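To keep things clear, I will list the structure first and then write my remarks on it.
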Amino acid sequence: MEIDPLPNGSGSNAATSPETAAATTAITVASNTTPSSKLSHLTESLKLEHQFLRVPFEHFKKTIRTNHRTVEKEVSAVISSVTDVADSDEISKDDAILSLTSLVSRLQGIKRKLEEGSHAENLQAHRCRARLDHLDSADAENLSEWNNVRLKRILVDYMSRMSYYDSAMKLAESSNIQELVDIDVFQEAKKVIDGLRNQEVGPALAWCADNKSRLKKSKSKFEFQLRLQEFIGLVRAENYMRAISYARRYLSPWGATHLKELQRVMATLAVRSHTECAKYKVLFEPKQWDFLVDQFKQEFCRLYGMTLEPLLNIYLQAGLSALKTPYCYEDDCTKEDPLSQDSFRKLAMPLPYSKQHHSKLVCYITKELMDTENPPQVLPNGYVYSTKALKEMAEKNNGKITCPRTGLVCSYSDLVKAYIS
């Protein structure tokens, strides 16, 4: 099973990404000591670990870019100050000492930032190495333990996405998998999401500024949507002159690429916030903030190479896709079927029905498959159970059979064997 590149930033098929190379290395190492059947299972498992490596790698790159921009800005300011002092023909001794003291203080600040940046980069590099080592440790001997750790990683991912950060942190700490999960990355997103839910665009705009080049490269219009929402807020507050100034400064640069949306929003200056026209009324509704939250989550996942859905949902859907049949949605669906529960039905809703070439009969009593080795038998009331279950019941009750669903009592000799064609 090949995994197609994710649409939210997984790289090209033509090039071999560091994540793919790492997974391939782990597979190669494991192949030397792993039986073929378990090797196949292990290989397929490692192919699903794209996000596991991609997220810390992207975080590492972001840390390097941030540190580089900070140092470049500070060094440029120091050089500019030195140049100004050097070009000054008339400067007193006191002024020179003051300028040098200021430069020394600034250089010490740069040194401190370099040390902090280096520490942050080392932490990110160590996390990438820890995950590579974790993949490399997977083999047939510890596959059960390795899968148990994976399950905990998936649960932490789900808790982090659902904003249960304390629970996620406690599970990670108790399992000693802090370096294998991305709680800190999701906490970064939480600040923006909380701001948008409080109808504040400041944290989101700051996030856009930090990731401006990458958002521009992906042709994202998230910042434009934020600016539109801020403009709508000014119109709602009837601060029209400020809204016009805001549009000239922040919205006009987007006119070349998003003219129709811009024209629609600018029309609110004329129709005002109390309009009943559906086309413009929707712009003032609170659900626009929910739309921005959803859009931010998509952009955030795309930047870090994450799946849009929680990993837990994806794995559950993979299993449910093999179980989903039209019978699962009938009122008399057996309670042993996971799809008899509303939560699983909702999760399986977008999935296709599994392709079943032959019907399978499962005994109501033993929950075992009824086949030629354990054929079904029919009671006088029409209910069917496996031979194994009915024999055990007859041996315990002097040849008598009691139907567990209707209470009918009959002799074992009254049963009729059913044939599966």
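The values are calculated or read from the model by the stated rules, or taken from the named source; none is laboratory data. All values reported here derive from a predicted model rather than from experimental measurement. Here the Cβ is made from the backbone with ideal geometry for all residues, glycine too, and neighbour counts use every protein chain on show. Keep in mind that these areas ignore ligands, DNA and RNA; they rest on the heavy atoms of the full protein, side chains included. Shrake-Rupley method; radii C 1.70, N 1.55, O 1.52, S 1.80 Å.
Of the residues making up the stretch 400-412, one or more are in a loop (DSSP other than H, G, I, E, B) and hydrophobic (A, V, I, L, M, F, W, C).
Annotation note: Cβ proximity below 6 Å between a residue of the stretch 174-195 that is touching a residue at least 12 places away in the same chain (Cβ under 8 Å) and a residue that is open to solvent by 40 Å² or more (accessible area, probe 1.4 Å) and of a type in the set (Gly, Ala, Ser) (sequence gap 6+ or interchain) occurs for no pair.
Going through Ser213, Ser160, Ser218 one at a time, which residue ends up being of a type in the set (Ser, Thr, Tyr), more than 23 Å from Ala120 (Cβ to Cβ) and out of contact with any strand residue (DSSP E or B) (no Cβ under 6 Å at 6 or more places or on another chain)?
Working: Ser213 fails: more than 23 Å from Ala120 (Cβ to Cβ); Ser160 fails: more than 23 Å from Ala120 (Cβ to Cβ).
Result of the check over Ser213, Ser160, Ser218: Ser218.
Of all residues in the stretch 108-145, those that are farther than 14 Å from Lys61 by Cα, touching a residue at least 60 places away in the same chain (Cβ under 8 Å) and among the hydrophobic types (A, V, I, L, M, F, W, C) total 5.
Among the residues that make up the stretch 413-420, is at least one of them touching a Lys or Arg at 6+ places or on another chain (Cβ under 8 Å) and either part of a loop (DSSP other than H, G, I, E, B) or of a type in the set (Asp, Glu) (or both)? Even if it seems obvious, please write down each step before you answer.
Pass one, the stretch 413-420, residues touching a Lys or Arg at 6+ places or on another chain (Cβ under 8 Å): none.
Within the stretch 413-420, not a single residue is touching a Lys or Arg at 6+ places or on another chain (Cβ under 8 Å) and either part of a loop (DSSP other than H, G, I, E, B) or of a type in the set (Asp, Glu) (or both).
Please work out if Pro380 is open to solvent by less than 90 Å² (accessible area, probe 1.4 Å), assigned to a loop (DSSP other than H, G, I, E, B) and within 19 Å of Lys335 (Cα to Cα). So Pro380 does not fit the description; no.
Out of curiosity, is Ala418 within 23 Å of Lys360 (Cβ to Cβ), among the aliphatic types (A, V, I, L, M) and open to solvent by less than 90 Å² (accessible area, probe 1.4 Å)? Answer is yes for this residue. Checked against (1) closer than 30 Å to Asp184 by Cβ; (2) assigned to a helix (DSSP H, G or I); (3) in contact with a Lys or Arg (Cβ under 9 Å, 6 or more places away or on another chain), Ser81 meets all criteria but (1).
Would you check if Gln51 is crowded, with 16+ Cβ neighbours inside 10 Å and out of contact with any Gly (no Cβ under 9 Å at 6 or more places or on another chain)?
Working: crowded, with 16+ Cβ neighbours inside 10 Å: yes; out of contact with any Gly (no Cβ under 9 Å at 6 or more places or on another chain): no.
When the stated conditions are applied, Gln51 does not pass them.
What tally of residues in the stretch 367-377 results from selecting those that are loosely packed, with under 15 Cβ neighbours inside 10 Å and in contact (Cβ under 8 Å) with a residue 12 or more places away in the chain? Quick ask: steps written out before the conclusion?
Taking the stretch 367-377 and keeping what is loosely packed, with under 15 Cβ neighbours inside 10 Å, we get 367-369, 371-373.
Those left that are additionally in contact (Cβ under 8 Å) with a residue 12 or more places away in the chain: 367-368, 371-372.
Residues meeting the conditions: 4.
Looking only at residues of the stretch 197-210 that are of a type outside the set (Gly, Ala, Ser) and crowded, with 19+ Cβ neighbours inside 10 Å, we find that the one that is farthest from Phe300 (Cα to Cα) is Val201.
Say whether the condition of being touching a residue at least 60 places away in the same chain (Cβ under 8 Å) and open to solvent by 30 Å² or more (accessible area, probe 1.4 Å) is met by at least one residue in the stretch 315-329. Yes, the stretch 315-329 contains at least one residue that is touching a residue at least 60 places away in the same chain (Cβ under 8 Å) and open to solvent by 30 Å² or more (accessible area, probe 1.4 Å).
Condition check for Phe284 on (1) out of contact with any Lys or Arg (no Cβ under 8 Å at 6 or more places or on another chain); (2) in the same structural domain as Val265 (by the TED database); (3) open to solvent by less than 40 Å² (accessible area, probe 1.4 Å); (4) not basic (Lys, Arg): one failure, at (1).
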